[in-house]
Each structure stands twice: as structure tokens, then as C-alpha cells.
Amino acid sequence: MLLKFAIEEFLTEKRYENLAKPTINTYEFSFRHLERFMLSQGVELIEDVTPLHCKRYVRYCMDTNDKPTTINNRIKRAKTLMNWAISEQIIEENPFQQAKRVREDVKIHAFTDEEVKQILSHLRRIKRREDSLFSIRNHTIFLTLISTGIRLGELVNMSWNDINFEARTLIVYGKSRTQQTVPLTSQLLKELSLWKAYCERKFKKLNTSVWVNKMNKPITGNAVKLFFKRLSNVMSFPQTRCSAHSCRHYYAKSYIESGGDIVSLARILRHTSIKTTERYLTFFSNELQENNKKFNPLNKLL
């Protein structure tokens, strides 16, 4: 079977399985990248892909300066495609089975408290000066992200029906469309209530989506990314990337620094494996040790 058609068959099946659209788009982007490389090697049939081609593909990704995380994700998705082809009896063995992951230098750059204060001060000034839909919405979005640690996709899919103001909880639909509950603070609920009241006054009819544009239509993930891009140009932080995911890192960092336990954090962040959460503990515990050395009270007593 042509690799091109195998990819189309795989994507069609995943659509029938009702996978989230962003997940399918990510699969397609990765597979098209793989297909272009294989065609450059004269390989058109999926049956003709060999382990040698796979090694060359990994080397090609490295030579074109793909980040280690990107390369490992490409390998993972290629393995998924080939395993599917095996289950469909198109091929007998997975040529990517022996493909080794590239070593990643794990470095998590989270916002510092000072950076978050600067961002909030900036957003509040704009809110006071303009009192516009964009200024109020963006301020509330940032507060929501740093207060809950939810993912970008979970943020844009927030519905008013998913917020329980009495129980102080939010239902989100995470990876694999699993329904999970996120706790909300009274401070954030107050900000969400103010945003809801603003939308009701402005549009008369409230959209079921929490985050809307000036046409009262749900915003996209790209709109939030553009907001952070503009924010990045204003803030110019040397280390931290202004993004929704940096807010998630900040939430995890603050939770650990405040003495929160790793098991509870894993549940709040909805990690499928606690090993993912332990990466935060490993990284930020080092930062805690440095802070302890710097600010320990014995420094001024001995």
C-alpha cells in the first residue's frame, strides 16, 4: 500500500474513533513530514520502509535542527502508524521498533513570581484604561491559567455549563476526551462572574462558551497564542517563554514551593503518569535548595 494511502486510512479511522481534532491534526502534520522524507529516499510503499530508512529519518530530523522533544514525538507517532499497519495486516514488522529516542535536556522554564506580577500589573493597567472586551477577557484568561494549570485546549473549550459556582469546580475534557474535574478558588470564581456579567450586558444572549470574541463567537487556541505573543513583545523576559503552558509550569512550581504533595499535583494536572509530574519535583526541588541556601536564616546568625 502506498504510504500516502496508509496515512489517509489511519487518519480516517481515528476520526471515526472521535479523537480530538487537534490530535488528528498533529498526527497528520507528523505523517506528512515522514512521507516527504520517504519520498525523497525513493520509498512510496509502506511495505518498503526499512529500519535503515528509519535511522536516516531520525538523522535527517537532527540535521534539520529539530529539537529532541520534536524528534522523539515524530518517532513515537511513526511507531503508532506502523503498529496500526501491522494490526491491519499491511506489514509484518514495525521498522521503527528499534528507533532510539534522542536524549532530551529537561529544562522547565516557569514564570517567576515577579514576572507574573509584572504581567498582571500590565493587564490591569490596560483593563482600567480601555475597559474593553479584549482587556477584560485577556486578564481573566491569564488569571484562569495560572490559578488552575489547565491546558490551552481545555481553556478554549471551557463552557459556562462546566463551571459549578457553588461546588467551585470546573469540568474539563482533557487528552483522549476524558472528563475530569478541576478545583477553582473563590478569587477566580469572582473574576469569572465579573466576565460573565460583562458578556451578558454586552451581548444580551450569553454564549455557552466562556471565552468569546467581539462577535460573541468562541475563540480559538490561536487567538490565545497571539495574545501571549503580544504579551511577550511587551514583557521581554530573558528566560521564560510567554505561553499558556508556561502558566501551567508556574502553577506546578508554586504548588511544590508551597509544600503541596506530588500525588495531589498529579491529580490536579491530570497527568496519566506520575512520572510526568515528578519532572516538576526534580527540577523545582533544585530551585528550592538554591533558595534555601540563599535565604536561610542561619546566614545572618553565623
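The values are calculated or read from the model by the stated rules, or taken from the named source; none is laboratory data. Keep in mind that this is a model prediction, so the values were computed, not measured. Here Cβ is always computed from backbone atoms with ideal geometry, including for glycine, and neighbour counts include all displayed protein chains. Heavy atoms of the whole protein, side chains included, go into the accessibility calculation; ligands, DNA and RNA do not. Shrake-Rupley method; radii C 1.70, N 1.55, O 1.52, S 1.80 Å.
Just one of (1) of a type in the set (Asp, Glu); (2) in a helix (DSSP H, G or I); (3) without any contact (Cβ under 8 Å) to a residue 12 or more places away in the chain fails for residue 166. It is (2).
This table checks each residue for (1) in contact with a strand residue (DSSP E or B) (Cβ under 8 Å, 6 or more places away or on another chain); (2) modelled with pLDDT under 80; (3) open to solvent by less than 70 Å² (accessible area, probe 1.4 Å).
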{"site": "248", "(1), (2), (3)": "no, no, yes"}
{"site": "264", "(1), (2), (3)": "no, no, yes"}
{"site": "267", "(1), (2), (3)": "no, no, no"}
{"site": "279", "(1), (2), (3)": "no, yes, no"}
{"site": "286", "(1), (2), (3)": "no, yes, no"}
{"site": "293", "(1), (2), (3)": "no, yes, no"}
{"site": "299", "(1), (2), (3)": "no, yes, no"}
{"site": "302", "(1), (2), (3)": "no, yes, no"}
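Taken over the range 50-66, residues that are within 17 Å of residue 79 (Cβ to Cβ), among the aliphatic types (A, V, I, L, M) and open to solvent by less than 90 Å² (accessible area, probe 1.4 Å) amount to 1. For the range 99-121, the condition of being touching a residue at least 40 places away in the same chain (Cβ under 8 Å), assigned to a strand (DSSP E or B) and either in contact with an Asp or Glu (Cβ under 9 Å, 6 or more places away or on another chain) or not charged (D, E, K, R) (or both) holds for none of the residues. Total residues in the range 138-192 satisfying the condition of being of a type in the set (Ser, Thr, Tyr) and open to solvent by less than 50 Å² (accessible area, probe 1.4 Å): the figure is 6.
If you go through the range 8-17 and pick out every residue that is within 16 Å of residue 85 (Cα to Cα) and either outside any helix (DSSP H, G or I) or open to solvent by 30 Å² or more (accessible area, probe 1.4 Å) (or both), you end up with 5. Of the candidates 83, 72, the single residue that is over 15 Å from residue 2 (Cα atoms) and open to solvent by 60 Å² or more (accessible area, probe 1.4 Å) is 83. Within the range 204-242, the set of residues being open to solvent by less than 10 Å² (accessible area, probe 1.4 Å) and either on the phi > 0 side of the Ramachandran plot or in a loop (DSSP other than H, G, I, E, B) (or both) comprises 210, 211. Scanning the range 183-201 for residues being of a type in the set (A, V, I, L, M) and over 25 Å from residue 135 (Cβ atoms) gives a total of 0. Restricting attention to the range 18-46, the residues that are open to solvent by 80 Å² or more (accessible area, probe 1.4 Å), within 20 Å of residue 73 (Cβ to Cβ) and not hydrophobic (A, V, I, L, M, F, W, C) add up to 3. Would you be able to say whether some residue in the range 88-98 is touching a residue at least 40 places away in the same chain (Cβ under 8 Å), open to solvent by less than 60 Å² (accessible area, probe 1.4 Å), among the aromatic types (Phe, Trp, Tyr) and in a helix (DSSP H, G or I)? Looking through the range 88-98, none of the residues is touching a residue at least 40 places away in the same chain (Cβ under 8 Å), open to solvent by less than 60 Å² (accessible area, probe 1.4 Å), among the aromatic types (Phe, Trp, Tyr) and in a helix (DSSP H, G or I). Figure legend. Inter-residue proximity from the range 41-69: first residues touching a residue at least 40 places away in the same chain (Cβ under 8 Å) and in a helix (DSSP H, G or I), second residues open to solvent by 80 Å² or more (accessible area, probe 1.4 Å) and acidic (Asp, Glu), beta-carbon distance below 8 Å, spacing 6+ or different chains. No pairs are indicated. Given the structure, is residue 222 closer than 20 Å to residue 156 by Cβ, among the polar types (S, T, N, Q) and more than 19 Å from the chain's Cα centre (by Cα)? Spelling it out, it is not the case that residue 222 is closer than 20 Å to residue 156 by Cβ, among the polar types (S, T, N, Q) and more than 19 Å from the chain's Cα centre (by Cα). Scanning the range 101-128 for residues that are basic (Lys, Arg) and modelled with pLDDT under 90, we see that the one that is most open to solvent (accessible area, probe 1.4 Å) is 103.
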